[in-house]
1. What do you get for GluC sites (Glu not before Pro) in region B:286-318 restricted to DSSP loop and a cutoff of at most 11 other Cβ within 10 Å of the site's Cβ?
2. So what's the net charge close to A:Gln204: Lys and Arg +1, Asp and Glu -1, counting the other residues with Cβ under 14 Å from its Cβ?
3. Explain nothing, just the number: dipole magnitude of region A:307-422 about its Cα centre with +1 on each Lys and Arg Cβ and -1 on each Asp and Glu Cβ, in debye rounded to the nearest 20.
4. Using only the Cα atoms of the protein assembly as shown, what are the Rg and Dmax in Å?
5. Not counting the cut sites, what is the longest span of chain A without trypsin sites (Lys or Arg not before Pro) that DSSP labels loop and that have at most 15 other Cβ atoms within 10 Å?
6. Short version: which residues of region A:458-479 lose at least 20 Å² of accessible area, all chains versus chain alone, 1.4 Å probe?
7. Treating only the Cβ of Lys, Arg, Asp and Glu as charged (+1, +1, -1, -1), what charge dipole size does the protein assembly as shown show about its Cα centre? Round to the nearest 20 debye.
8. Using the alpha-carbon atoms, what tilt in degrees (0 to 90, nearest 10) does helix B:80-103 show relative to the longest principal axis of chain B?
2 protein chains.
Amino acid sequence: MTSTVESIDPRTGRTVESVGTETSSADLEAIVGRAEAAAPAFEAAGRRLRARLLRAVADQLESRRSAVIQVGARETALTEARLGGELTRTVYQARLFADVVEEGGYLEATIDHAGDTPMGSGPDLRRMLVPIGPVAVFGASNFPLAFSVPGGDTVSALAAGCPVVVKAHPSHPATSLLTFEALTAAAQEVGAPDGVLGMVFGQQAGADLVAHPAIRAVSFTGSQSGGRALLEIINARSQPIPFYGELSSLNPVVITAGATAARPQQLAEGLVASVTGSGGQLCTKPGLIFVPSGAEGDVLVEHAAQLVNEAPAATLLNQRISEAYDEISSDLEGLSSLTVVARGCRADGDGFDVAPKLLQVKASDLQDEELEECFGPVAVIARYEAEDLSRALDGLPASLTGTIHAETDETATIQSLTSTFKGKSGRVLYDGWPTGVLVSWAQQHGGPWPSTNTLHTSVGTSAVRRFLRPVTWQNAPAAVLPEELQDSFESIPRRVDGTLVTPRQGG
Amino acid sequence: MTSTVESIDPRTGRTVESVGTETSSADLEAIVGRAEAAAPAFEAAGRRLRARLLRAVADQLESRRSAVIQVGARETALTEARLGGELTRTVYQARLFADVVEEGGYLEATIDHAGDTPMGSGPDLRRMLVPIGPVAVFGASNFPLAFSVPGGDTVSALAAGCPVVVKAHPSHPATSLLTFEALTAAAQEVGAPDGVLGMVFGQQAGADLVAHPAIRAVSFTGSQSGGRALLEIINARSQPIPFYGELSSLNPVVITAGATAARPQQLAEGLVASVTGSGGQLCTKPGLIFVPSGAEGDVLVEHAAQLVNEAPAATLLNQRISEAYDEISSDLEGLSSLTVVARGCRADGDGFDVAPKLLQVKASDLQDEELEECFGPVAVIARYEAEDLSRALDGLPASLTGTIHAETDETATIQSLTSTFKGKSGRVLYDGWPTGVLVSWAQQHGGPWPSTNTLHTSVGTSAVRRFLRPVTWQNAPAAVLPEELQDSFESIPRRVDGTLVTPRQGG
């Protein structure tokens, strides 16, 4: 029995086209088999081919720009402006990973020459990171480009030298097909081994992919329950493998008394834009905003409420997200401790439209229900007395981000909030909003559970580390060493006998 | 109900002294509570204190050298020479991690200044690794110093800036107490926060430690079943944490036709020394050695058999290991495909003595039973025809190490074996033996499951990475940044705007 894969218009909830069928287990076996067979040749082809492949991916995506944006907008209800920006980011990301591959520092190449040690004579040891093997990438619903088929997980795995099998997200199958064509065209253009890129459709195929012995790592962006389900499959494997899950994040924001007094309108505008942008469907959406109690805080909240009341309906990505939004946000409204301070429009019709909402609670009354992520255009404002803040923050789960809006002279407050947020998030922001994650060398997108489960990032250049494992060669003949570990090779950063050596100028 | 903790003499199997009682759950709670409370102050004290602490640990261990060796030898039946070497390694390791902390490259400090990007204006982003929090370290039975209370896991966690709670191994409780005294004396000497070091006794205390919400990572060296049990506790936590397990390793060795013909006696001597040293109780003991079939291979095997036949009984570390050795090695002997080619002496008496053994099988007859680690002085020799080798190697589980003995001119064979071993081990050795793992910058001790479950090493300087997590500061005021991320700080390697910058000469 094979089910068809439907592309649905979220504005109407109706199927626009059927784009194929869910992947059968025989097809899955063939796809993973080709990925496994491609792994040694892809690794052996070295860094030059990987950099060329990543640049070709960027060019192929760019050449399909208008088609990708058009299909993506129809299928996700995200705006063309947003998808255009996302494509720019996706293309930039592929090129940046090509730079990372060429720069070579990510290999952590290390040479200890043979010599005397306090434990006797030591051997020649040479260590670097090598590809982990075929990787399963689960596309995310909310970034149909940057976190999906051609997204950060795919390009960082290719940069590492790993074949990739993508599990396409059912919310945007046509976009997935179109962008997968760009990837395979790039692979053909540069002569990458057949099987370096594969894609499967369907929930069963996704589960079978994670269980497949040839798959060596899994990356996933989605719900905490979905992540737990994949972790269970991994734990049941005879050989457990790394699971990189980005699951759930509340992204708390603290607005100090000073900032509240100084710029309430500007803060309200930034807040509402960050909560409602992309229908609130961003992993870094601020879900809980701490605003001081009292008259100055009231001004900020009233302005934010007015903006939310005027906000149009948001069309969410799919039926499940839209229904979950209505259910969770209605449950929140039902709590006696919470009040609804604003509710935007909700369009009529059959689509996945929801109304933006702004809720309010006393920080000292915060309960577990308010500390769970609600995906969509809603936020809870927690009004605090100065003496309650620290305890309320200590009770929060870990997040991807923690944000501080303060005045420059509130130094003790800034120090204390920094210390709190550093302990339970991967990125601490000052006077900005957590949505909008720059792809760069110093980016960190990941934090303690439940925001992610790892010590790594899924955005920025360090994301490549997830798909690499270390190997040391002991007393190896030079002929079998990778070129990066040859004595004469000096064009990447290496640690030699304990000292970090950067490439020769112009070398 | 509290059980006493007994120090047993493995030569007699009898209790020599009682060293205390198993840790109660109230005491465990207090110990972990102190570790949790110490974490912020220990992190804030910065790299200088950590380097001083590690050097003080080295000095305090060195000052107890004769007592530690005497107690350790009595409790483990390892020789004083072996324990003296192990103490030297343990002391060296602590000092090397002090160097790592001072050098600072392990922080991966990265600065991207604000500026224009293809996605618009980008913020100032500064990223580095910070301590993960309190770590649970499970001492290993077979290295009462280097992989136990004062071992690599403890000093790499301290180097990272994490408080450590050690679960003492029941095979050497007196040594654990004595070396823990050295650690706490060092902590007091340098004024480290109270609670930075804790220790618990007892299996229940170990399980409770892994389940405790304040513990942020677990490192463990032991059996695959023990590792699976701890993983189950971690998977049941509301917040899963990283588990660094070193579990089981067969450490295959291939001796080529050329090497067999050129130096059969030397190879036999090296092999038997590596298999029987420390009672065969090393995680890198070669458990399966591929020797060519035919007359030249017979010479090698006969010489090895003679050495094993003459070998004295080995006193193993404890009753469980001794009984498991007898059971597993007897099961192997019972296989119709295997023959016993040598059996050393087995002493009489009540202690944990066992006879070294050498077994032989045709490589084409290898079954799953022969591919499981048997801890103790036994190895299986697999006699191979050239055409059978590759398939036999493909069927092996992953290991910590893979070893090749070849002649220089066997280049194609060396290339092919390198490729095979690189795919399924963390260290590939040439013309040496895998036992004896140098602590250095380029060391790798870890491989795919079941040898370890991680992308990291437990020996060598990179071991520190296991206990660190990344944090990025976005548009932070300089006053809240760690000194390593200040613009003016130039005494550690950093990546600035994409370029790796090493410290100024003399700076």
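1. Those that pass, being in a loop and sparsely packed, number zero.
2. Taking every other residue near A:Gln204 into account, the sum is -3.
3. Values: 8 positive and 22 negative charges, 39 e Å.
The dipole magnitude comes to about 180 debye.
4. 29.4, 95
5. On the way: sites that count: A:Arg11, A:Arg237, A:Arg346, A:Arg504.
By the stated rule (loop sites, at most 15 other Cβ atoms within 10 Å), A:12-236.
6. Hits at the 20 Å² cut-off: A:Ser462, A:Arg465, A:Arg469, A:Pro470, A:Val471, A:Thr472, A:Trp473, A:Gln474, A:Asn475, A:Pro477, A:Ala479.
7. Roughly 1240 debye for the protein assembly as shown.
8. Roughly 30 degrees between the two axes.
The values are calculated or read from the model by the stated rules, or taken from the named source; none is laboratory data. Predicted model only: the values in this text are computed from it and were never measured. A quick note on method: Cβ atoms are made from the backbone with ideal geometry, for glycine too, and the neighbour counts reach across all protein chains shown. When the accessible area is computed, the model is the full protein with side chains, heavy atoms only, and any ligands, DNA or RNA have been set aside. Shrake-Rupley method; radii C 1.70, N 1.55, O 1.52, S 1.80 Å.
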